[in-house]
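Inspection log for the structure reproduced underneath, given as C-alpha cells.
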Amino acid sequence: MNLIYLDNGATTKVDDKVIKKMLPYFNEKFGNASSLHQKGQEARMALEESRRTVANAISAKPSEIIFTSGGSESNNLAIKGVAYEKGRGHIITSKIEHPCVLRTVEELEKKGFEATYIDVDSEGFIDLDQLKNSIRKDTILISVMHANNEIGTIQPIEQIAELCKKHDIIFHTDAVQSFTKIPISVKKLKIDLISFSGHKFHGPKGIGALYIRERIKLKKQMHGGSQERKLRAGTENISGIVGFAEATKIIKNSDIKNMTKLRDKLIDFILNNIDNARLNGSRERRLCNNVNISFDAVEGEAIGGYLDAKGICSSTGSACSSKSLEPSHVLKTIGLTHEEAHGSLRLTLSKYTKEKDIDFVIKVLPDIIKKLRKMSPIK
Amino acid sequence: MMYSEKLMDYFKNPKFAREIKNPSAVAEEGNIKCGDIFKIFLKIKNNKIKDISYLTYGCIAAIAASESFCRIVKGKTIEEAKKVSYEDIKNDLGDVPAIKLHCTHMVIKTFKKAIENYENKN
C-alpha cells in the first residue's frame, strides 16, 4: 500500500540532501568542536558555517544564532532566559501557544512572575487591543507564536513587533511551524528571540536553534561548558547542526506554491462536498500546508483510524487521542464546542505531497465520514 | 499508545454497528463532553439475546469495545450476558490502553441500562 503522509505538522521526512550532508559527521568528521586539534577544527568549521547559513536565512548575524536540541528547548531558554535574567516582572503570551510555551510561563508564575494570556478570535488571531491594554510598566516579555501548529493561523507578528518596539519590551516568537514556509527577517522586524526546530522542515530531530538579538541577555538554563556563547552547555550536535543548516536552504518557492494549491484543493473539496464540516483557523492568513476541519457527529481519532487503514497518516485535536482526554486547548480557545473539537481532523502537507495523494484523500474521506456517521448515535 | 491487532480489526470491520428495527430494548449512555456516546439495541426472545447492535460516537477503542461486547453476548441468556465484565472485553480485545478502559466500562453500563429498560417493560 502506498503511504500518504499528511502529518507534517508533527514531523517531516528528512530530505535526502540533508542526510547526505550529515553522514560524514558521524564517522569521518566526528570531532568535538571544542578540541584544538585538526579533527576538532574540522567540526568547528562545520559548526560556524552552519551558523552562518541559518543566520543568513533570517538576515541575522551568525553570532545571534545558537543551536539547541529543538523547539521546546529554544522556547524554554528564550522565556526562562529572559525572565530569570530580569529577576521579576510580567509576561504576556497567547492562549493558543504550544504547550512548551504555556507550561513554561505557568512555571514562571509559580516562581513569582506574573502573566497574562491573551485571547484569540474564532479564527485564532490574537486580540491586539487586549494585548496593547495588557502591557504594564513591568512587562518584560511578549511571546506570541508566528503560526499555530494546529490550525495554521499566522499571527500579525509585524504589528506585535512594532508594539514591543514602542514599549521597549522583548519580543519572542515561536516560529517552529512557519520557518522556511513564511519568510522572516530580523532586519525588517524587531523580533528579539525566535525559536526553530529542525524536524519540522525536513531536517533531523533533536536539533533546534534560537535567534537572540544582539544585546539581549538571557540567563542560561543548561550549565556546564562554554559552548554556544556560554548559553547552552554540551558538546555540539554537529551532524544535527549541519543537517539543520542544509534544511534551511532546500525549500523552493515552487514547493510553497504547490502546497498552497493542494491545501486549497483539499479544503474546497471537503467544504463543498461533505455536509456539516467546518474549517478551523483562517482561510487567508494560514500556513501553506495546514488543513484542519471539524466534522459533526464523528470523532477525530476514529476518522484517523480509517484513514490510516487506507494508508493516510493524519492527526486530530480530539480528546480521545490525547493522554489527558481533554480536547485541544487551541480548538477550545477559538470557541469550538467539545463535539466540534472531538470531530477535528488535521492534515498537514509537505513539499513531498503530490496531487494524486490529495486526490486519493478526496476519494476516500467522504465515505469514511459517511460510514462513521452511520455508526454514530448522534444524528 | 498502541492498539492491538484484534482491536484494530474490530474497529475496521464492525459487524454489529447498525440499528435494529423494533428492538426489545434500547439504551444510551455517555455524553459529548467526555467524547463518547454509546447506544445499544437488543432483540430478546425466550430470555436470550437473539440480536444485539450498537451505534457509537467515539474513538477507535470505543467502537472496538462496542463491537467486542456484541460479539461476546450474542446468543447468551440475559443472565449470562449480565455477567460479562469489562475485563472480558479487555481480554477479547487483547488489552486496551489504560486511558481507554473507561470505554469498556461504558459499554457494560449501556448494556445493563438496556436490560433494565427491558425488564421494567416486561
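Computed from the coordinates by the stated procedures, all read-outs in this text should not be read as laboratory data. Model, not experiment: these values are computed from the prediction. Positions of Cβ are backbone-derived with ideal geometry, glycine not excepted, and every protein chain shown enters the neighbour counts.
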Open item on the list: Sort B:47-56, B:68-77 by packing, meaning the average of other beta carbons within 10 Å per residue, with the highest value first.
Closed with: B:47-56, B:68-77
Task: Hydrodynamic radius by Kirkwood, which averages 1/r over all alpha carbon pairs of chain A, in angstrom - done: 21.6
Open item on the list: For a protection proxy built on the mean count of beta-carbon atoms within 10 angstrom, sort A:141-151, A:92-102, A:330-340 highest first, please.
Closed with: A:141-151, A:92-102, A:330-340
Task: Max mean-square fluctuation residue, GNM over chain B, Cα-Cα springs under 10 Å, options B:Gly58, B:Gly30, B:Gly94 - done: B:Gly94
Task: region A:94-154-region A:62-80 distance, computed between alpha-carbon centres (Å) - done: 18
- [ ] Just the number, please: Stokes-Einstein D of region B:62-111 in µm²/s, Kirkwood Rh from C-alpha pairs, 10 °C, 1.306 mPa s.
- [x] 149
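Normalise the Cα radius of gyration of chain B by 2.2 N^0.38 Å (N = residues in it) and let me know the number.
0.98
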Open item on the list: If you consider only alpha-carbon coordinates, what radius of gyration and Dmax does region A:252-375 have, in Å?
Closed with: 13.9, 44
Task: GluC sites (Glu not before Pro) within region A:248-334, DSSP loop, no more than 16 other Cβ atoms inside 10 Å - done: A:Glu284
- [ ] Report relative contact order for region A:293-379 in percent, whole number only (criteria: Cα-Cα under 8 Å, sequence separation at least 6).
- [x] 39
Task: Amide H contacts of A:Met222 (H built 1.01 Å from N, under 5 Å, at least 5 apart or other chain) - done: A:Ala233
Task: Per-residue mean of C-beta atoms belonging to partner chains within 10 Å, peptide A:297-309 - done: 5
TODO: Note down the Stokes-Einstein diffusion coefficient of region A:181-310 in µm²/s, whole number, using a Kirkwood radius over alpha carbon pairs, 37 °C, and 0.692 mPa s.
DONE: 178
Task: Kirkwood Rh, Cα atoms: Rg over Rh of region A:1-106 - done: 1.07
Open item on the list: For peptide A:338-347, what's the mean number of Cβ atoms from other chains within 10 Å of each residue's Cβ?
Closed with: 2
TODO: Relative to the compact-globule scaling 2.2 N^0.38 Å, provide the ratio for the alpha-carbon radius of gyration of region A:71-142.
DONE: 1.07
- [ ] Arrange the peptides A:126-135, A:288-297 so that the one whose residues have, on average, the most other Cβ atoms within 10 Å appears first.
- [x] A:288-297, A:126-135
TODO: Give me the distance between the Cα centres of region B:81-122 and region A:353-374, rounded to whole Å.
DONE: 33
Task: Residue order, fewest to most surrounding Cβ atoms within 10 angstrom, among A:Ser195, A:Ser318 - done: A:Ser318, A:Ser195
TODO: Determine the percent antiparallel among the DSSP beta bridges restricted to the protein assembly as shown, to the nearest 5.
DONE: 65
TODO: Taking only Cα atoms and a 10 Å spring cutoff, compute GNM fluctuations for chain A and point out the largest among A:Arg215, A:Arg285, A:Arg88.
DONE: A:Arg215
Task: Within 10 Å of each Cβ in B:51-64, the average number of Cβ atoms from other chains - done: 6
Open item on the list: Quick check: pseudo-label points 7 Å beyond the Cα along Cα→Cβ at B:Glu5 and B:Asp88, how many nm apart are they?
Closed with: 2.6
Task: For region A:228-295, Kirkwood radius (reciprocal of mean inverse C-alpha pair distance, Å) - done: 15.2
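Which percent, to the nearest 5, of DSSP beta bridges fully inside chain B are antiparallel? Working shown, then result.
Details: 17 of 18 bridges.
Here the share of antiparallel DSSP bridges comes out near 95 percent.
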Task: GNM result for chain A, Cα springs below 10 Å: residue of A:Lys219, A:Lys351, A:Lys257 fluctuating most strongly - done: A:Lys257
